[in-house]
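The next block holds one structure in the form of C-alpha cells; read it before the comments.
The values are calculated or read from the model by the stated rules, or taken from the named source; none is laboratory data. All of these numbers come straight from a predicted model, not from anything done at the bench. Cβ atoms come from the backbone with ideal geometry, glycine included; neighbour counts cover every protein chain shown.
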Amino acid sequence: MAQDQDDFLRRWSRRKLQEAARPPEPKRAESKPAAAGEAPPLPAIDSLTFESDFKAFMHAKVEDSVKRAALKKLFADPRFNVIDFMDVYIDDYTKDDPIPAAMMARLQHSRTTLFGREEEKKKDETREEPKPEELAQAPGPAEEQPKEQKQEDDGAAG
C-alpha cells in the first residue's frame with residue numbers, strides 16, 4: 001500500500017510541475033449566449049401579480065434593491081397574510097386575565113378542605129395578642145402624656 005501511495009504522489013507531483021512549466025494560453029474571445037451572462041429583461045414591478053413569474057428577479061445579476069421590491073410586491077398579496085390559528089404564540093399575553101371570583105371561591109374551599117383549619121391556627125399562633133395586664137397599663141390615645149415642649153429664646157424680651 002505504501003508503494004501505491006508513493007506512485008500516486010510521484011505522478012501528481014510530475015503533473016503539477018508540467019502544468020507550471022507550460023506557458024499560459026492566450027484568451028480567446030468567447031461568444032456566450034445572452035441568457036447565460038446577463039440579467040434577463042425584467043417586467044415593471046407595478047405590473048406584477050401573484051401569478052407572475054418572479055424567477056427573473058432572482059437572477060444573480062439583478063440588483064438587490066430590485067429583488068427586494070419584487071418580493072415586497074409578491075408578499076403584499078393577501079394570500080400571504082393568512083394567520084395560522086394553530087400558532088402557539090398567537091395570543092396577546094400582554095392582557096391580564098384575572099381569575100374569576102367563582103373560581104377563587106372554589107380554590108379557597110379546596111384549600112380549606114385539603115389543609116383543614118391548620119393554616120388558620122398557625123396564623124393565630126404567630127399573631128401575638130397583648131395580655132390583659134399590658135392593656136390596662138398602656139395609656140390610651142386620650143391619656144397620652146404631653147410632651148415637654150422646648151421654647152427657644154429668640155432674644156426678644158416680652
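Assorted remarks:
- Top-ranked residue of the stretch 1-33 - restricted to ones that are exposed (fewer than 10 other Cβ atoms within 10 Å of the Cβ) and small (Gly, Ala, Ser), ranked as modelled with the lowest pLDDT: SER31
- Residue under evaluation PHE85, criteria (1) closer than 28 Å to GLU38 by Cβ; (2) out of contact with any helix residue (DSSP H, G or I) (no Cβ under 8 Å at 6 or more places or on another chain), criterion not met: (1)
- Subset of the stretch 76-89 [part of a loop (DSSP other than H, G, I, E, B) and loosely packed, with under 10 Cβ neighbours inside 10 Å]: ASN81, VAL82, ILE83, ASP84, PHE85, MET86, ASP87, VAL88, TYR89
- Residue list for the stretch 53-75, restricted to those being exposed (fewer than 12 other Cβ atoms within 10 Å of the Cβ) and in a loop (DSSP other than H, G, I, E, B): ASP53, ALA60, LYS61, GLU63
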